[in-house]
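Participant: I'd like to ask you about the structure that follows.
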Amino acid sequence: MLEQRRGGALGPERPMDLGIPTRSGRDIAFRQPQWFDKLTIPSNVEGSSTSQRKGDRRMRHDRRGFTLIELLVVIAIIAILAAILFPVFAKAREKARTASCLSNVKQITLGFIMYANDNSEALPCASFWADGKAPWEQWTDYGWGSVFFDPIQPYIRNVDLLHCPSDGNRDRWDDWRQPPLSYGYNEYMYDGNRGYYKLGTLASAPAGEASIAMIGECFSTGIFNDWTNDAGGGGTNDGMDRLRYDHWGPWRARHMEGHNYSYCDGHAKFLKTAEVRSDGANRRQWPVVNPSYSVW
């Protein structure tokens, strides 16, 4: 019977000593079939739970938070990066606002020129204090800024163009009657008594129409000229402070040390504060405000 099991269908077997004594004093040698070696023991039995618990304890032991020193180092790195990047972002934002403001000035100027094309090449103007009347009395009374509304709005159709994104002041004159206004109109064209409201006259001026400022950012909105020293002792006393500055205490420009200006030929550009100057003795300016002056 034992020999039949050895050579039977189950194939050869190998002995496995279980250490069971017999009556003859010898151990019985049981043989384990070969197919037994191919059996796999499930992971959820026989000691696997013990090893898994050991692994879980090891993982829990490896988990830990940041130390105080590590947190302080990270915070310091973030603070340094912020100190470096925030000024860069602020400059980039201001450049974008300057570009938007320059576009406003350009579109407003084109509105003035289109008005002139429809009115025998005459720019909007008023005879200052003629018959004792204020210049703005011929239009809806928005003070000095009136010229930017009734005459020009049919051409630009957007009062938002009149306000610079970087201008925190509603209006330098604090005129509650008008929407926010950030720009001024050259007084030599605004005042019809001066005779410079015709495009042909400006084109034949010594400086030429491409050098004569028409619209610009200025200290007192609605109008600018070349004889107002608003900055007092802080300015150069050359009459150009109204164009040069926008804020006081300290005196400074609106956009990174400069302003946007447009010219009578329709183009617009940014000028730094140091570039705005006037030499009355030699009758030269930049930008040219008085059309009888030449280019500096």
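Participant: Here's a check for you: in the stretch 115-133, which residue that is more than 40 Å from the chain's Cα centre (by Cα) and small (Gly, Ala, Ser) is modelled with the highest pLDDT?
Facilitator: Ser120
Participant: Step by step: first the residues of the stretch 110-131, then only those that are of a type in the set (D, E, K, R) and part of a loop (DSSP other than H, G, I, E, B), then the one that is surrounded by the fewest Cβ atoms within 10 Å (Cβ to Cβ). Which residue is that?
Facilitator: Looking at residues that are of a type in the set (D, E, K, R) and part of a loop (DSSP other than H, G, I, E, B), I get Asp118.
Participant: For the stretch 256-284, give me the residue count where each residue is touching a Lys or Arg at 6+ places or on another chain (Cβ under 7 Å) and either surrounded by 24 or more Cβ atoms within 10 Å (Cβ to Cβ) or aromatic (Phe, Trp, Tyr) (or both).
Facilitator: Of the residues in the stretch 256-284, 3 are touching a Lys or Arg at 6+ places or on another chain (Cβ under 7 Å) and either surrounded by 24 or more Cβ atoms within 10 Å (Cβ to Cβ) or aromatic (Phe, Trp, Tyr) (or both).
Participant: Determine which member of the set Arg252, Arg283, Arg244 is free of Cβ contacts under 8 Å to residues at least 40 places away in the same chain and farther than 26 Å from Ala90 by Cβ.
Facilitator: Arg283
Participant: So which of Ala205, Ala213, Ala281 is in contact with a helix residue (DSSP H, G or I) (Cβ under 9 Å, 6 or more places away or on another chain), modelled with pLDDT of 85 or more and either among the basic types (Lys, Arg) or not in a strand (DSSP E or B) (or both)? It would help to see each step written out before you state the result.
Facilitator: Working: Ala213 fails: either among the basic types (Lys, Arg) or not in a strand (DSSP E or B) (or both); Ala281 fails: in contact with a helix residue (DSSP H, G or I) (Cβ under 9 Å, 6 or more places away or on another chain).
Result: Ala205 is the single residue among Ala205, Ala213, Ala281 that is in contact with a helix residue (DSSP H, G or I) (Cβ under 9 Å, 6 or more places away or on another chain), modelled with pLDDT of 85 or more and either among the basic types (Lys, Arg) or not in a strand (DSSP E or B) (or both).
Participant: What are the residues in the stretch 132-153 that are touching an Asp or Glu at 6+ places or on another chain (Cβ under 9 Å) and assigned to a helix (DSSP H, G or I), if any?
Facilitator: Pro135, Gln138, Gly145, Ser146 - these are the residues of the stretch 132-153 that are touching an Asp or Glu at 6+ places or on another chain (Cβ under 9 Å) and assigned to a helix (DSSP H, G or I).
Participant: I've got another one for you. Is it true that some residue in the stretch 132-141 is free of Cβ contacts under 8 Å to residues at least 24 places away in the same chain, farther than 20 Å from Leu202 by Cα, touching a strand residue (DSSP E or B) at 6+ places or on another chain (Cβ under 6 Å) and surrounded by fewer than 19 Cβ atoms within 10 Å (Cβ to Cβ)?
Facilitator: Looking for residues that are free of Cβ contacts under 8 Å to residues at least 24 places away in the same chain, farther than 20 Å from Leu202 by Cα, touching a strand residue (DSSP E or B) at 6+ places or on another chain (Cβ under 6 Å) and surrounded by fewer than 19 Cβ atoms within 10 Å (Cβ to Cβ), one finds at least one in the stretch 132-141, hence yes.
The values are calculated or read from the model by the stated rules, or taken from the named source; none is laboratory data. Quick caveat, the model's predicted, so the values are computed rather than measured. FYI the Cβ positions are ideal-geometry reconstructions off the backbone, even for glycines, and counts take in every protein chain you see.
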